[in-house]
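Worksheet: one structure, shown below.
The values are calculated or read from the model by the stated rules, or taken from the named source; none is laboratory data. Small disclaimer: the values here were computed from a predicted structure and weren't measured. FYI the Cβ positions are ideal-geometry reconstructions off the backbone, even for glycines, and counts take in every protein chain you see. In case anyone asks, the SASA skips ligands and DNA or RNA and just uses the protein heavy atoms, side chains included. Shrake-Rupley method; radii C 1.70, N 1.55, O 1.52, S 1.80 Å.
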Amino acid sequence: MSFIGKTALITGASRGIGRAIALELAKQGADIGINYVSNQEQAQSLSQEIQALGRKSILLPASVAQEEEVKRMFNSFVEAFGKLDILVCNAGIVRDNLILRMKAEDFMEVIRVNLIGTFLCMKEAGSLMLRNRYGRVVAVSSITGTLGNIGQANYAASKSGMIGLVKTFAQEFAKRDITANVVVPGLIETDMTNKLTAETKEKFLSCIPKKRMGTPEEVAKMVAFLCSEEAAYITGDTFSIAGGM
Ligand code: NAP
């Protein structure tokens, strides 16, 4: 696989899975747009790492949940790189609680960032990719979106919504060399899962045949393959990376 000459925008790239995806694509030759919402220090250090690999990178602070910010972000990306080849919709948040205790605002905020944010980015990317007659879109969903999980009704709804969204995008754009797929990670070591209690982690681990958490780098390898030229005939599909869970 080679991404030399390709440009990629990764949402939520400052930390965790998004950061690993940005580094994996940059190592293989892509120039990278680094989206984040608030964590400028980490985004800058990633940008330096990418430039040390000999690739170009730009910082794209924006909330994916805000339509105007998303439009500005894609405009800045195209001004800097001229075209968009790859979009990875990775930005995501949790606001966990049992349904009876969950505030409607916490439900809506998770839907806004995880699902509407993905839609807004895919809409902008779709129009650029049509012009480019090429595109690879990967959305990072979650095993919670396919199985549900106690305390995560908002997150589960957002992540299963992403699957329907990507399948539809894949069908609408299939005639051009544009693909869209979903990766479905299980339990991955990042800031998001560091917040889980030891008890919750144990509960998850007991359901994972591999008996360990996954790493962001392992998810990044799968995403990179789906972003490659070699994956041209794979579209509208979902791919688990969950240690057998
Ligand atoms: P993380 O470490 O918490 O990082 C979240 C990233 O999303 C950060 O870069 C954050 O930016 C960014 N972000 C948050 N809200 C945003 C917004 N409104 N606009 C733009 N960027 C925003 O999370 P992670 O564990 O790497 O998760 C990445 C993705 O994988 C998420 O979609 C998550 O749901 C999914 N996932 C994770 C796991 C897991 O076990 N970790 C499992 C399945 C799926 P700042 O740094 O600026 O805050």
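Any chance you could run the full-extension gain for Ser45 through Ile208? It's 0.36 nm times the residue separation minus the Cα-Cα distance, nm to one decimal. If you can, show how the numbers build up before the last one.
Details: separation 163, 0.36 × 163 = 58.68 nm, distance 3.32 nm.
Working it through step by step, the gained length comes to 55.4 nm.
Evaluate the distance, in nm, between pseudo-label points positioned 7 Å from the Cα of Ser38 and of Arg133 along their respective Cα→Cβ axes.
4.5 nm
Rounded to the nearest 500, what is the chain's calculated 222 nm mean residue ellipticity when only DSSP H runs of at least 4 contribute -39500 (n - 2.57) each, over all residues? Write down the numbers at each step before the final one.
Working: 10 runs with 112 residues, N = 245.
Computed mean residue ellipticity for the chain: -14000 deg cm²/dmol.
Straight-line reach from Lys211: which lysines have Cα under 27 Å away, leaving out those fewer than 8 places along the same chain?
List returned: Lys159, Lys195, Lys201, Lys203, Lys221.
Compute the helix-to-body angle for 117-132: its Cα long axis versus the longest principal axis of the chain, expressed 0 to 90° and rounded to tens.
That works out to roughly 20 degrees.
Accessible surface of Arg19 in the full protein assembly, 1.4 angstrom probe, to the nearest 10 Å²?
Surface accessible to solvent at Arg19 totals approximately 40 Å².
So, by mean Cβ neighbours within 10 angstrom, what's the order for 139-147, 191-199, 5-13 with the highest one leading? Present the calculation step by step, with values, prior to reporting the outcome.
Working: 139-147: 22.8, 191-199: 10.8, 5-13: 26.2.
Going by the mean number of other Cβ atoms within 10 Å, highest first, we get 5-13, 139-147, 191-199.
So, by mean Cβ neighbours within 10 angstrom, what's the order for 119-125, 102-108 with the highest one leading?
Listed from highest to lowest mean packing, they are 119-125, 102-108.
Report, in degrees rounded to the nearest 10, the 0 to 90 angle that the Cα long axis of helix 216-226 makes with the longest principal axis of the chain.
50 degrees
Could you work out the equivalent-ellipsoid semi-axes for segment 5-76, taking the square root of 5 times each eigenvalue of the Cα gyration tensor, largest first, in whole Å?
Calculated on Cα positions only, the semi-axes equal 19, 13, 10 Å.
Solvent-accessible area of Glu202, probe 1.4 Å, all protein chains present, reported in Å² to the nearest ten, please.
Solvent-accessible area, nearest 10 Å²: 110 Å².
For Val184, tell me the accessible area in Å² from a 1.4 Å probe, rounded to the nearest 10.
My reading of the accessible area for Val184 is about 0 Å².
Dividing the alpha-carbon radius of gyration of segment 7-241 by 2.2 N^0.38 Å (N being the number of residues), what value is obtained?
0.96
Full-extension gain between Lys123 and Met192, please, as 0.36 nm times their residue separation minus the C-alpha to C-alpha distance. Numbers along the way, then the final one.
On the way: separation 69, 0.36 × 69 = 24.84 nm, distance 2.67 nm.
Gain on stretching Lys123 to Met192: 22.2 nm.
Quick one: order Ser14, Ser206, Ser45 from most to least accessible surface, probe 1.4 Å. Before the final figure, lay out each step's value.
On the way: Ser14 10, Ser206 80, Ser45 50 Å².
Listed by decreasing accessible area, they come as Ser206, Ser45, Ser14.
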